[in-house]
1. Applying the selection to the stretch 228-245, what residues are open to solvent by 10 Å² or more (accessible area, probe 1.4 Å), hydrophobic (A, V, I, L, M, F, W, C) and not in a helix (DSSP H, G or I)?
2. Open to solvent by less than 40 Å² (accessible area, probe 1.4 Å) and part of a strand (DSSP E or B) - does that describe any residue in the stretch 197-217?
3. Residues that are touching a residue at least 24 places away in the same chain (Cβ under 8 Å), touching a helix residue (DSSP H, G or I) at 6+ places or on another chain (Cβ under 9 Å) and either hydrophobic (A, V, I, L, M, F, W, C) or within 28 Å of LEU25 (Cβ to Cβ) (or both): does the stretch 191-200 have at least one?
4. Out of GLY153, GLY189, which single residue is on the phi > 0 side of the Ramachandran plot, open to solvent by less than 50 Å² (accessible area, probe 1.4 Å) and in a loop (DSSP other than H, G, I, E, B)?
5. Tell me which of these SER56 doesn't satisfy, since it passes every other one: (1) farther than 27 Å from ALA172 by Cα; (2) open to solvent by 50 Å² or more (accessible area, probe 1.4 Å); (3) modelled with pLDDT under 95.
6. Output yes when any residue across the stretch 110-118 is over 19 Å from PHE28 (Cβ atoms) and in contact with a helix residue (DSSP H, G or I) (Cβ under 7 Å, 6 or more places away or on another chain), and no when none is.
7. Enumerate the strands (runs of 3 or more DSSP E) found wholly within the stretch 79-150, keeping only those where 3 or more residues are closer than 21 Å to GLY67 by Cβ and open to solvent by less than 70 Å² (accessible area, probe 1.4 Å).
8. Among the residues of the stretch 157-186, which ones are closer than 18 Å to PHE28 by Cα, in a strand (DSSP E or B) and open to solvent by 10 Å² or more (accessible area, probe 1.4 Å)?
Amino acid sequence: MKERLTIVKVGGAVVEDEAQLARLLKDFAAIEGRKVLVHGGGRRATQMAQRLGIESRMVDGRRITDGAMLEVVTMVYGGLVNKQLVARLQACGINALGLTGADANVISSHKRPLKDGVDYGFVGDVDRADGEQLSRLIEAGITPVMAPLTHDGAGCILNTNADTIASETAKALGSHYEVTLIYAFEKPGVLSRPDDDTSVIPEITRARYIEYVGQGIISGGMIPKIDNALAAVDAGVAQVIITRADAIDGHHGTVIR
């Protein structure tokens, strides 16, 4: 029987909110067994770019990453945010190690090609996450804290969606552990009515997901999040939970099966 592993992905909005972040790190530290933390940090990157006089450009909620912005996200994601989280987890008694995809070659990717005529710049689409390497770190008593950066194997860092990092990490570790992947953000789950936090959909299967998208119940940024969740489940991840950052105990939110 496989040992259990919990992967928690925390979004940039939570990272920016001190009260939410403190609660999440305390709850993450309390999770029994092996675990991995994956983080975003887009808001912090936008703020830093503004301070440096660098324009932030987005298309359909996705960041255009030119050379100047690549330097910003590398500093913010791989440095500022990642190392602050690592230090705070050490204070919680968790032996954390901050990683980008380039570190120990844990996640490699390729530069995203033109998509609908849009050049996203230095944005990476994942080719492979190394479950063997990650499991060796985990078995050594280390808790990986993964930044949303990968590399192309030719010396280039690439900005990579944090939800995708979490999904690919979960898939890679699924053959080693019984994996639960938790997407923690500011809402209590996937909502049937966007303005009503009590309208949490308790469970979503692929068939129901198709129905919800067709009905317009699920739309916008929730679509790629659930696409990633379903891809993880299809690849052998036990379950994916989408929930609020203060409810990562596995008993709240929307379960993707």
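1. Result: ALA235, ALA238.
2. Yes, the conditions are met somewhere in the stretch 197-217.
3. No, the conditions are met nowhere in the stretch 191-200.
4. Every option except GLY189 fails the conditions.
5. Result: SER56 fails condition (2) only.
6. no
7. Working: elements: 96-99, 107-111, 124-129, 143-146.
Output list is empty.
8. Answer for the stretch 157-186, where residues must be closer than 18 Å to PHE28 by Cα, in a strand (DSSP E or B) and open to solvent by 10 Å² or more (accessible area, probe 1.4 Å): GLU178, THR180, PHE185.
The values are calculated or read from the model by the stated rules, or taken from the named source; none is laboratory data. Since we're looking at a predicted model, the values are computed, not measured. Quick reminder, even Gly has a Cβ in these numbers, built from the backbone with ideal geometry, and neighbours come from all protein chains shown. Accessible surface is based on the protein model in full, side chains and every heavy atom, while ligands, DNA and RNA are left aside. Shrake-Rupley method; radii C 1.70, N 1.55, O 1.52, S 1.80 Å.
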